[in-house]
Amino acid sequence: HQKIEYEPYRKDFYVEVPELAKMSPEEVNVLRLDLEGIAVKGKGCPKPIKSWVQCGTSMKILSALKRHSYEKPTPIQAQAIPAIMSGRDLIGIAKTGSGKTIAFLLPMYRHIMDQRPLEEGEGPIAVIMTPTRELALQITKECKKFSKPLNLRVVCVYGGTGISEQIAELKRGAEIIVCTPGRMIDMLGANSGDSKCKTVFCDAPCAQVMRIMDNVRPDRQTVMFSATFPRAMEALARRILSKPVEVQVGGRSVVCSDVEQHVMVIEEDQKFLKLLEILGHYQEKGSVIIFVDKQEHADGLLKDLMKASYPCMSLHGGIDQYDRDSIINDFKNGACRLMVATSVAARGLDIKQLILVVNYNCPNHYEDYVHRAGRTGRAGNKGFAYTFITEEQARYAGDIIKALELSGSPVPSELEQLWLSFKNQRQAEGKSIKSSSGFSGKGFKFDETEHALAN
Ligand code: ADP
């Protein structure tokens, strides 16, 4: 970097409107509390905004927001947007479905519109990184809602498809790249051309992000968003961010109150019948995801459901990338309404008509439970989550009880009983009771077989 002379650029675009400027610190505290309890760390964070006009975005963006019925900022947007607009590095933590994507898109557009137009072969100005191809496609879609009216070009870059096409697309020029880190690293190797990149947005960051950061100018603006903030990510944040503000909404991620949660202590050989019973009840009402722990279980259950005359698809890391695309499409457009999936494959899926999630295999840590249940109850719709737990899985009961409690759901007495007898037994054996890993704040864990998905 020392050898390169970077064009100077402007980062701070934020002008506080008088209505906010005259608010006292006490009034700001009350406002933050009203916005689901926004917690802010770091010096000099702007006050939260109350409406879109207060963030100082363009008319074209305002009308796009209106067109898509985004009436007012969600809590994470209200606080993160003015902070990013004012040029700050930021860590944003808020549960899935809380609107993190737009929280970084709007300041990003403001920033890009301030730059001179790209010349031939130059690009991109902003890079958005996200761990899976599905999230990359989802963010690209959200991004295009605004880039079209602004005449900006977005390219989505991910593994599993031909790299040469994606390079060709990039060479034609794009202000914004949405990418998975693995493929981005390959692209950097293939084309160490003239990067104009000034802003980087990481959605659910992972360790690979570091390799890409080293290729971006040191005075860049960097923003990280995630649903959880595990310790490993803290270390990463310290290395790539400079004097960040930290914005957290709603403490640790919890299942949204629009999801009605049921947990059943059940024998392994009773599960399938119970599942059919539940499906009979909900299938007419919307789409359904059934979560299993392993690829082979996904395929096994798929066969059983087909035999029971439930048309169904399965989604997991062992499925060819192209097929995964069409599976997700069919599921989104309602062509098929029943899907068996592993957690990682369904990470970040946003499907409005999803009415029901069934945890056919019990999630093995807090975050996984919250993530799976959070696929339903999106954007204010009501959803249902059923979880099967066997006696052999008693060690996971503690995390599930915690998740129920934190989201204000009743804890079934049989579940409480299961956890109690597990604890008593451990104590009798003189062993310590560790709640599973997620409890101590560890984030999403990749299963070995599924790790490839993140690339
Ligand atoms: P996250 O990244 O936090 O999981 P998303 O950014 O995917 O959440 O947003 C979840 C859903 O909410 C999306 O369907 C999105 O279009 C919608 N959404 C985002 N912001 C708003 C808003 N201000 N008002 C209404 N809906 C919104």
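The values are calculated or read from the model by the stated rules, or taken from the named source; none is laboratory data. Just so it is clear, the structure is predicted and the values come from calculations on it, not from any experiment. Neighbour counts run over all protein chains shown; Cβ positions are idealised from the backbone, glycine included. Calculation scope for accessible area: heavy atoms of the full protein, side chains included, ligands and nucleic acids excluded. Shrake-Rupley method; radii C 1.70, N 1.55, O 1.52, S 1.80 Å.
Extending each Cα 7 Å along its Cβ direction at residue 5 and residue 167, get the distance between those two points in nm, one decimal.
3.1
Multiply the residue separation of residue 116 and residue 28 by 0.36 nm, subtract the distance between their alpha-carbon atoms, and state the gained length in nm to one decimal. The partial results should precede the final answer.
Numbers: separation 88, 0.36 × 88 = 31.68 nm, distance 3.64 nm.
This chain segment gains 28.0 nm when fully extended.
Quick one: helix 413-428 against the long Cα principal axis of the chain, what's the angle to the nearest 10°, folded into 0 to 90?
That helix lies at roughly 90 degrees to the long axis.
Just how far, in whole angstrom, is the range 210-250 from the range 313-330 if you go by their alpha carbon centroids?
Each part's Cα centre sits 31 Å from the other's.
For the chain, take the longest principal axis of its alpha carbons; what is the angle in degrees between that and the long axis of helix 271-282, to the nearest 10 within 0 to 90?
60
At 1.4 Å probe size, what's the solvent-accessible area of residue 229? Round to the nearest 10 Å².
40
Relative to the compact-globule scaling 2.2 N^0.38 Å, provide the ratio for the alpha-carbon radius of gyration of the chain.
1.01
For the range 34-67 and the range 112-136, what is the centre-to-centre distance using only Cα atoms, to the nearest Å?
22
Leaving ligands and nucleic acids out of the surface, order 350, 186 by accessible area at 1.4 Å, largest first. All intermediate terms of the calculation are to be shown ahead of the outcome.
Numbers: 350 55, 186 85 Å².
Sorted by accessible area, descending: 186, 350.
With a 1.4 Å probe and all protein chains left in place, how much accessible area per residue does the range 35-150 have, in Å²?
Details: 4440 Å² over 116 residues.
Counting only protein heavy atoms, the per-residue value for the range 35-150 is 38 Å².
Working with all protein chains in place, sort 105, 276 by solvent-accessible area computed with a 1.4 Å probe, largest first. Intermediate values should be presented prior to the final figure.
Details: 105 0, 276 45 Å².
The residues order as 276, 105, largest area first.
For the residue pair residue 36 and residue 239, what label-to-label distance in nm results when each label sits 7 Å from Cα along the Cα-to-beta-carbon direction?
A separation of 3.0 nm, rounded to one decimal place.
Ignoring ligands and nucleic acids, what accessible area does residue 396 show with a 1.4 Å probe (Å², nearest 10)?
The value for residue 396 is about 40 Å².
Please give, to one decimal in nm, the separation of the simple spin-label points placed at residue 304 and residue 329, each 7 Å out from Cα toward the Cβ.
With each label placed 7 Å out from Cα toward Cβ, I get 3.2 nm.
Between residue 270 and residue 417, what is 0.36 nm times their sequence separation minus the Cα-Cα distance? Round to one decimal in nm. List each step's numbers first, then the result.
Numbers: separation 147, 0.36 × 147 = 52.92 nm, distance 1.95 nm.
Gain in length upon complete extension: 51.0 nm.
Please report, as a whole percent, how much of the solvent-accessible surface of the chain comes from carbon and sulfur atoms (probe radius 1.4 Å). Intermediate values should be presented prior to the final figure.
Working: 10500 of 20730 Å².
Ligands and nucleic acids excluded, carbon and sulfur give 51 percent.
Report, to the nearest 10°, how far helix 25-34 tilts away from the longest principal axis of the Cα atoms in the chain, using its own Cα long axis and a range of 0 to 90°.
40
Would you calculate, for the chain, the mean residue ellipticity at 222 nm contributed by helices, counting each DSSP H stretch of 4 or more residues as -39,500 (n - 2.57) and dividing by all residues, to the nearest 500?
Working: 16 runs with 171 residues, N = 455.
My calculation for the chain gives -11500 deg cm²/dmol from helical runs alone.
Whole-Hz Karplus ³J(HN,Hα) for the range 394-408, in order, using 6.51 cos²θ - 1.76 cosθ + 1.60 and θ = phi - 60°, x for Gly and Pro?
Result, rounded to whole Hz: 3, 5, 8, 4, x, 5, 6, 4, 4, 5, 5, 4, 5, 9, x.
Residue 422 accessible area, nearest 10 Å², 1.4 Å probe?
Approximately 40 Å² for this residue.
How much length would be gained if the chain were fully extended between residue 321 and residue 294, taking 0.36 nm per residue of separation minus their Cα-Cα distance, in nm to one decimal? Write out the running numbers ahead of the final one.
Details: separation 27, 0.36 × 27 = 9.72 nm, distance 1.76 nm.
Residue separation times 0.36 nm, minus the Cα-Cα distance, leaves 8.0 nm.
Give the ranking of 111, 262 by solvent-accessible surface, highest area first, calculated with a 1.4 Å probe.
On the way: 111 5, 262 55 Å².
I get 262, 111, largest accessible area first.
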